[in-house]
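Nothing in this text is a laboratory measurement; each read-out follows from the coordinates by a stated rule. None of these values were measured; they are calculated from a predicted model. Using ideal geometry, Cβ is built from the backbone for each residue, glycine included, and neighbour counts are taken over all protein chains shown.
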Amino acid sequence: MIKRHLAGLVFGLSLFFPHSVLAEPAKRIIALSPHAVEMLYAIGAGDAIVAATDYADYPEAAKNIPRIGGYYGIQMERVMELNPDLIVVWDSGNKAEDINQLRTLGFNLYGSDPKTLEGVAKELEELGQLTGHVEEASKAAAAYRAELIRLRVENAKKSEPKVFYQLWSTPLMTVSKNSWIQQIISVCHGQNVFYDAASDYPQVSLENVLLTLPEVILQSEEEGNVKGVDWRQWPEIPAVKKQHIYQLNADLLHRATPRALLGVQALCDALDKAR
């Protein structure tokens with residue numbers, strides 16, 4: 001579970017191959033990440049996906065796409081049998097050796113790995129170019145940008161409650177300044193108590209959390225994460241005392257897709273309850 005959980009959060013250098021590598025729009029696509037599947041459906045190209053990886057479960061139609069692997073590796077024989085004209089790879093979620101092998105085999109690759117909230121719109125447009133869904137992609141990107149701007153403006157002048165984001169419980173992990181989640185906290189005008197941690201997704205102790213006295217504790221809603229720490233044992237924490245502990249949908253918060261803005265809204269709503 002922890003591998004799945006973190007795979008959607010660790011963003012590396014994006015592999016980008018110019019649109020000119022395709023003589024015509026892609027009609028047979030393999031999408032090697034859940035977020036790539038969502039992006040393709042968002043621009044009307046979902047029907048072109050011939051294979052995907054584990055956990056590609058949105059929209060509902062995506063559950064019927066054949067699976068050819070996951071974070072543990074890709075079934076190369078199946079890739080060759082399917083003969084796609086485009087493979088959307090994920091350099092921070094797919095094995096590097098798999099990506100290198102796909103490149104060596106001569107497949108057209110596009111690296112989907114948005115590292116910023118704004119980057120989601122940019123990739124929607126690029127995928128639109130690659131698939132021939134330019135108009136749908138442009139509309140989706142424009143709507144996304146407009147909603148992101150609305151959220152930023154709506155929350156910009158609100159007070160800044162101290163936030164502890166519980167990424168995982170065992171070990172206890174959180175997020176810092178360069179993380180994807182931090183971007184969302186920033187939109188909602190929250191103050192991340194571990195903003196200056198040395199790593200993007202640091203492991204912290206309960207003592208560390210107690211010292212920061214967060215006013216809000218946010219948890220991804222997986223059962224293992226929520227039950228992993230019983231915060232009621234520490235009523236001296238303001239978030240515990242005032243019952244400002246909220247569970248949020250991990251897929252909305254951790255996947256770089258248009259639905260990420262629903263995650264932003266949910267997090268902002270949680271902070272509003274604590275204000």
- Message: Between residue 82 and residue 67, what is the label-point separation in nm under the 7 Å Cα-to-beta-carbon projection?
- Response: 1.3 nm
- Highest to lowest packing among 30-41, 136-147, scored as the average C-beta count within 10 Å: 30-41, 136-147
- In the range 192-275, what GluC sites (Glu not before Pro) fall in a loop by DSSP, with at most 11 other Cβ atoms inside 10 Å? 236
- Message: Filter 95/139; 27/139; 158/227 down to the pairs with a C-alpha to C-alpha distance above 28 Å, please.
- Response: 95/139; 158/227
- Item | Length-normalised contact order of the chain in % [C-alpha pairs under 8 Å, at least 6 apart] | 18 percent
- What share of the DSSP beta bridges in the chain is antiparallel, in percent to the nearest 5? 15 percent
- What Rg and what Dmax come out for the range 51-90 when only alpha-carbon atoms are used, in angstroms? 10.3, 27
- Query: Per 5 Å bin from zero, what fraction in whole % of the C-alpha pairs of the range 29-171 is there, up to the bin with the longest pair?
  - Reply: 2, 9, 17, 18, 18, 13, 9, 7, 4, 2, 1, 0
- Task: Taking the chain as the reference, fit the longest principal axis to its C-alpha atoms, fit the long axis of helix 260-274 to the helix C-alpha atoms, and give the angle between the two in degrees, 0 to 90, nearest 10.
- Result: 10 degrees
- Message: Given an 8 Å cut-off on Cα distances and at least 6 residues of separation, report the relative contact order of the range 32-130 as a percent.
- Response: 25 percent
- Item | Cα-only radius of gyration and Dmax that characterise the chain, units Å | 19.6, 63
- Item | Only Lys, Arg (+1) and Asp, Glu (-1) charged, at Cβ; the range 66-215 dipole about Cα centre in debye | 400 debye
- Message: If I model a spin label as a point 7 Å beyond the Cα along the Cα-Cβ vector, how far apart are those points for residue 100 and residue 146 in nm?
- Response: 4.6 nm
- Using a 10 Å cut-off on Cβ atoms, rank the peptides 110-119, 251-260, 56-65 from the highest mean neighbour count down. 251-260, 110-119, 56-65
